[in-house]
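For reference, the structure discussed in these notes is given below.
The values are calculated or read from the model by the stated rules, or taken from the named source; none is laboratory data. Note that the structure is predicted; figures quoted are calculated from it, not measured. No Cβ is skipped: glycine too gets one built from the backbone with ideal geometry, and neighbour counts run over all protein chains shown. With ligands, DNA and RNA removed, areas are computed over all heavy atoms of the protein, side chains included. Shrake-Rupley method; radii C 1.70, N 1.55, O 1.52, S 1.80 Å.
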Amino acid sequence: INQIQSAFYIDSDVHDVVLYLKKGWIIRGQVVDGMHRPIPDAILSMRLEFKASSSRLSSTVIPGKAITQENGQFILYGQMENTNPFASLQLTASHAIYKSTSTEISFPQSGQEIEGLVFVMPQQLNV
């Protein structure tokens, strides 16, 4: 009998299935204001940036976001593997009352952990 279990197709005649999963990457950091006070509830998002040809840049949104805690700290988890040597990761911090800010880093490798990334959002919006 064929059945669906946990989003995998399982055939009752198949035994000893082994799945190999690659370890994702992690980015940890903090979002602060111009006085270096933590900003809670900031949203961190990710874009993959890469050269599609010798002169044209391309980008795509990477699923997954993080929201900063009361102390402004965040953790982003990524599962996407990069095979383009010219790719980078653009991280954007946004908040309802601050002007958004972005930074670009080398695209993380599988299993890599990046720590200590700090976003400074010095300018409050007129709300």
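A compact table of results
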| quantity | calculated |
| --- | --- |
| Filter result for Ser88 (in contact with an Asp or Glu (Cβ under 6 Å, 6 or more places away or on another chain) and surrounded by fewer than 14 Cβ atoms within 10 Å (Cβ to Cβ)) | no |
| Hey, Ile75 out of contact with any Phe, Trp or Tyr (no Cβ under 7 Å at 6 or more places or on another chain), surrounded by 13 or more Cβ atoms within 10 Å (Cβ to Cβ), of a type in the set (A, V, I, L, M, F, W, C) and touching a residue at least 40 places away in the same chain (Cβ under 8 Å) or not | yes |
| Matching residues, the range 56-90, being among the hydrophobic types (A, V, I, L, M, F, W, C) and not in a loop (DSSP other than H, G, I, E, B) | Leu57, Val61, Ile62, Ala66, Ile67, Phe74, Ile75, Leu76, Leu89 |
| The range 97-110, subset surrounded by fewer than 16 Cβ atoms within 10 Å (Cβ to Cβ) and in contact with an Asp or Glu (Cβ under 8 Å, 6 or more places away or on another chain), residue farthest from Ile67 (Cα to Cα) | Ser110 |
| All positions within the range 71-127 that are more than 13 Å from the chain's Cα centre (by Cα) and aliphatic (A, V, I, L, M) | Ala87, Ala96, Ile97, Val118, Val120, Met121, Leu125, Val127 |
| Any hit, the range 112-120, residues being open to solvent by less than 30 Å² (accessible area, probe 1.4 Å) and assigned to a loop (DSSP other than H, G, I, E, B) | no |
| Residue within the range 39-50 that is in a loop (DSSP other than H, G, I, E, B), modelled with pLDDT of 80 or more and under 21 Å from Gly24 (Cβ atoms) present | no |
